[in-house]
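The values are calculated or read from the model by the stated rules, or taken from the named source; none is laboratory data. For clarity, every value in this text was computed on a predicted model and none was experimentally measured. In this analysis, Cβ positions are derived from the backbone assuming ideal geometry, glycine residues included, and neighbour counts consider all displayed protein chains. Each accessible area value is taken on the protein alone, full model and side chains, heavy atoms only, with ligands, DNA and RNA left out. Shrake-Rupley method; radii C 1.70, N 1.55, O 1.52, S 1.80 Å.
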Amino acid sequence: MSSTALRYLDNINKKTSWYHRVDPRIKLLHMITFGISNMIFIEPLIQSIFLLHSIIICISARVRLRDIWPQLMAILVMLVSITIAQSFTAGMAIQAGTPLHVIFKLGSLEMTWEGLSFGLVRSLRIGNPLFLGLIFLSTTDPTMFAKSLTKIGVPIEISFMLLSALRLFPLLFKIAQDVSDAQTVRGVRGGGIRGSYEKLRLAIFPLFLNSLHRARSIGLTVECKAFGARGWNEFLRDPRIERIDYIMIVFCICMLAVSLYVRLVLGIGWAPTFNPY
Amino acid sequence: MGDEPSLVDVNLRIRKGEFVLLAGPSGSGKSTLCKCFNGLIPNFIKGSMSGDVFIDGLNTKQTKVYHLAEHIGMVFQNPEDNIFSLVVEDELAFGPENLGLAKQEIMKRVEQSIRSVGIEELRNSMTYAVSGGQKQKVAIASSLAMLPGILVLDEPTTDLDPVSEEEVATVLKKLTDTLNITIVVVEHELDELISIASRLIVMDQGRIVLDGTPREILGSCYEKLNLLGLRVPQCVEVAHMISERGFKMREFPLKLNETTSMLRGFFEKHPLLMKPVLSQDECKATNPIIINFKDVWFTYDEEKYALQNVNLDIRQGEFVAVIGQNGSGKSTLAKHIVGLLRPTKGKVIIDGNDTTKVDIGIITKIVGYIFQNPENQLFTPSTWEEVAFGLQREGVIEDEIQKRVTQVLNTVKLLNYKDRHPAILSRGEKRRLAVATALATASKVLILDEPTTGQDRTTLYGLLSLLSRLNKEHNTTIVMITHDMEIVPEFADRLIVMKDGQVVLDGPTMKVLSEKIDLLRSMRLKPPAISRLTTQINDIPMVHTMDDFKKIIEYCGVVHE
């Protein structure tokens, strides 16, 4: 198995942190309340607090950055692209008719402070939940997650779809790594936008074919183990709500309540408050 | 896939407690037949099927697959595809949980299956962290937790090293002996399981062409098995050679010790009159060094070194085999040669280029890499374009591309398939195409990662003969990573043995096999059966290939009583 895939699985394996021990259902609740709280603000400073919250969880869950580096980089590239694009375009849409504060010009394009703020807001609104999702993936046993979902009445087909996706995650890492190695050996290089596009274009077919093959094999394997009976009733290791989970529930409720209070009652966080101009 | 049916007129009855070995060349319908056993065909894999399959009296067409799963368990080829959970215990519980059993019953079944397969120490292990052999044992245990009366295994040892292969074979023997479970195993290689099997079924073009006990079939249908491209165990080949010399045997031998005692009897009556000239490793000591490892260390995770203190010189034109158990560092070594990995400490110099200092593009013009799974490295819509791809990227002029692609496709015998999509080629053809893509751009060094995986004898020997020809005629350096010890002395003139990231043995193949056979065995590597066989006969020199053994037989006389 590729080192990236192994590192991902190793993270789940390290059940040493408090976040690893949190029941997957409670982690899901945490993700939902976090997502709502993060989404209702359009103030980059407040969203930075949410980012700080995820960073603290990441550190205390002992998720090493280098273990999730490829995924983190992909998210960062996406967010930086969004921020830059919005910096040049969003300002006009936000304050049509009012003067904008130009940071610098690039030909006919103008990067405005208003656009940059808006871009940052967009990026953090998308990036914060993705980052927490990455921590969730790195600290949750997919099988336990699926079992937990079944316990709260999620249809078994949906639990299984999630479980399969999570199970395929490390396998896809490996396939992607193999395909990338094969491309490098055959002289396909990923430098620059054109190079990256070329690499991606050429990888699609072998990636698709291999992923399909693996997904099918896993599908057949589970069928041979009576998955079709869908009789999930009792489990060898039953997911149980423990003390740490209750603490997390209280935390999630508090986070949501405080966020709603700040946004709806105090009226803070509906627009960027900091403007050097 | 073509319009030809995958199975034709199959009539088969398997009795309780039988151990059936299902053999046949690639594409002969073995796996399709297995998928009919547990109802995956026609319930999940669609197609047109006539006739009926009954398992424990249940018609598979009318019975749900999950219901059949309580009667018949299935283990697939790739250990990673067989396992769904992260923890071994969870994996074993997965089937019983699906059946909606009570927790007590689930626990009971998990315990039973752990004991049956003997994996007590793996109970709480992470499924991804155990060895290939252990993964297959977990997969077998996981199927057993469903309490099936029948267990079907589709090439369960293909990707495993000899030790893991032996582990799986031992477990299967234990299951038939103690639990009276009916076992059906699909295999290309008959070596490990032939002595355990009670019945051998051979398929070809979707039909059952041979069916009987292994002794009957291997004793009387040897020629046919060879024609079908099956790899007959070397001890069986030996028995045939001496029976052709008129040596009478009471029972056809299947096991190494049976063949050994038979050989002893043969050489008492047919002493070796003259020592024949046996194969020698070709010495390339005067050729220039093309691959040079200088005190190379490498780590993936900064915790454990995958390569330790590797010092190695490989010369132009050598055919080198690299062997070792799974995880011994073979693939890591190969990836250093092609520049995919760079040493943590030390230097790798390829044809004068330090891989840490030059662009990988320069290295890949010298070294071609044929991956274990050729599908990963083929990505254009036609065989022709696949070979032309590298040349076009290098900016070679069109006329030259036409000339070189034609030449290379001709060399690998794929010129007739030049317009075909690579995805529809057979596995053997895909490998040849991968060789062609490497040859078109990098002709000095070729690395083959596990070329034997999932290939029958005909395809495998076709590929290896091609490489041997390139090695001899074009002085191409070949580095072959393999678990298959029988092909090593036949093709490689140098053998490198790796263990825990270190090169522990390195030398001419015949010399290493002759002088270090005990060391190899102590490292749980299995030298070729013919080497193990001839080392036990005092009257003849030790040989490592069947060609050499044939020469010995030819030089034997007859003692007239």
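Values as computed for the structure displayed
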{"read-out": "Inter-chain Cβ neighbour average for residues B:76-88, partner chain, 10 Å", "value": "6"}
{"read-out": "Simple label model, 7 Å out from Cα along Cβ direction - B:Leu519 to A:Arg230, nm", "value": "6.1"}
{"read-out": "R0 of 22 Å, Cβ-Cβ distance B:Lys224-B:Val8: FRET efficiency to nearest 0.05", "value": "0.80"}
{"read-out": "Gain in span if fully extended, A:Tyr261 to A:Ile49, counting 0.36 nm per residue against the direct Cα distance", "value": "74.7 nm"}
{"read-out": "Nearest-ten-degree value, helix A:243-260 long axis tilted from longest Cα axis of chain A", "value": "30"}
{"read-out": "B:Asp313, B:Asp52, B:Asp9, reordered so the largest accessible area comes first (probe 1.4 Å)", "value": "B:Asp9, B:Asp52, B:Asp313"}
{"read-out": "Top of A:Pro44, A:Pro170, A:Pro70 by mean-square fluctuation, Gaussian network on chain A, Cα under 10 Å", "value": "A:Pro70"}
{"read-out": "Of the DSSP H helices in chain B, those whose Cα atoms cover at least 30 Å axially and whose Kyte score averages 0.5 or more", "value": "none"}
{"read-out": "Equivalent-ellipsoid semi-axes of chain A, from the Cα gyration tensor, Å, largest first", "value": "37, 29, 15"}
{"read-out": "Sequence-distant residues sharing a close amide H with B:Val184 (under 5 Å, placed H)", "value": "B:Val20, B:Leu151, B:Val152, B:Leu153"}
{"read-out": "List B:Trp384, A:Trp69, ordered by accessible area with a 1.4 Å probe, largest first", "value": "A:Trp69, B:Trp384"}
{"read-out": "Gyration tensor verdict on the stretch B:325-404 (Cα atoms; rounded if a/c is under 1.5, prolate if a/b is larger than b/c, oblate otherwise)", "value": "oblate"}
{"read-out": "For the protein assembly as shown: span of alpha carbons on each principal axis (Å, largest first)", "value": "115, 67, 50"}
{"read-out": "Vicinal HN-Hα couplings computed from phi for the stretch A:142-152 (Karplus, 6.51 cos²θ - 1.76 cosθ + 1.60; Hz; Gly/Pro x)", "value": "x, 5, 5, 4, 4, 5, 4, 4, 4, 4, 9"}
{"read-out": "Residues of the stretch B:522-556 with amide N under 13 Å of a point placed 7 Å along Cα→Cβ from B:Lys275", "value": "B:539-543"}
{"read-out": "Note, ³J(HN,Hα) from phi for the stretch B:514-524, Karplus 6.51, -1.76, 1.60, rounded to Hz, x at Gly and Pro", "value": "6, 8, 10, 4, 5, 5, 4, 5, 5, 8, 6"}
{"read-out": "Residue-averaged [θ]222 nm for the protein assembly as shown, counting only DSSP H segments that reach four residues, each worth -39500 (n - 2.57)", "value": "-15000 deg cm²/dmol"}
{"read-out": "The stretch B:291-329: GluC sites (Glu not before Pro) in DSSP coil with no more than 15 other Cβ atoms inside 10 Å", "value": "B:Glu302, B:Glu303"}
{"read-out": "For the stretch B:1-130: rounded, prolate or oblate by the Cα gyration tensor [a/c cutoff 1.5]", "value": "prolate"}
{"read-out": "Lysine pairs in the stretch B:203-355 with Cα atoms under 28 Å, if 8 or more residues apart or on separate chains", "value": "24"}
{"read-out": "Quotient of Cα Rg and 2.2 N^0.38 Å for the stretch B:397-462, N being how many residues it contains", "value": "1.16"}
{"read-out": "Largest-first principal axis extents, alpha carbons of the stretch B:75-133, Å", "value": "31, 22, 17"}
{"read-out": "Stokes-Einstein D (µm²/s) once Rh is taken as the Kirkwood radius of the stretch B:41-107 over alpha-carbon pairs, at 10 °C in 1.306 mPa s", "value": "113"}
{"read-out": "Zero-based 20 Å bins, Cα pair distances in chain B, whole percents", "value": "19, 50, 29, 2"}
{"read-out": "Contour minus Cα-Cα distance for A:Phe104 and A:Trp69 (0.36 nm per residue)", "value": "9.4 nm"}
{"read-out": "Under the Karplus curve 6.51 cos²θ - 1.76 cosθ + 1.60, θ = phi - 60°, whole-Hz ³J(HN,Hα) for the stretch B:344-354, x wherever Gly or Pro sits", "value": "5, 9, x, 9, 10, 10, 10, 6, x, 9, 6"}
{"read-out": "Label-point separation in nm, B:Thr380 to A:Ile32, each point 7 Å along Cα→Cβ", "value": "5.2"}
{"read-out": "Cα long-axis angle, helix A:192-224 against chain A (0 to 90 degrees, to the nearest 10)", "value": "30"}
{"read-out": "Calculated FRET efficiency for the pair B:Met249/B:Ile289, C-beta based, R₀ 51 Å, to 0.05", "value": "0.50"}
{"read-out": "Tilt relative to chain A, helix A:113-139 - C-alpha long axis, 0 to 90 degrees, to 10", "value": "10"}
{"read-out": "For B:388-401, mean number of other protein chain Cβ atoms within 10 Å", "value": "1"}
{"read-out": "Exercise: per-residue mean of other protein chain Cβ atoms within 10 Å, B:374-382", "value": "6"}
{"read-out": "Cα gyration tensor category, rounded, prolate or oblate, for the stretch A:156-277 with a/c compared to 1.5", "value": "oblate"}
{"read-out": "Fraction of antiparallel bridges per DSSP, chain B only, in percent to nearest 5", "value": "45"}
{"read-out": "Inter-probe distance in nm under a simple model that places probes 7 Å from Cα toward Cβ, at A:Ile268 and A:Phe251", "value": "2.2"}
{"read-out": "Compactness of the stretch A:102-176 as Cα Rg over 2.2 N^0.38 Å, two decimals", "value": "1.76"}
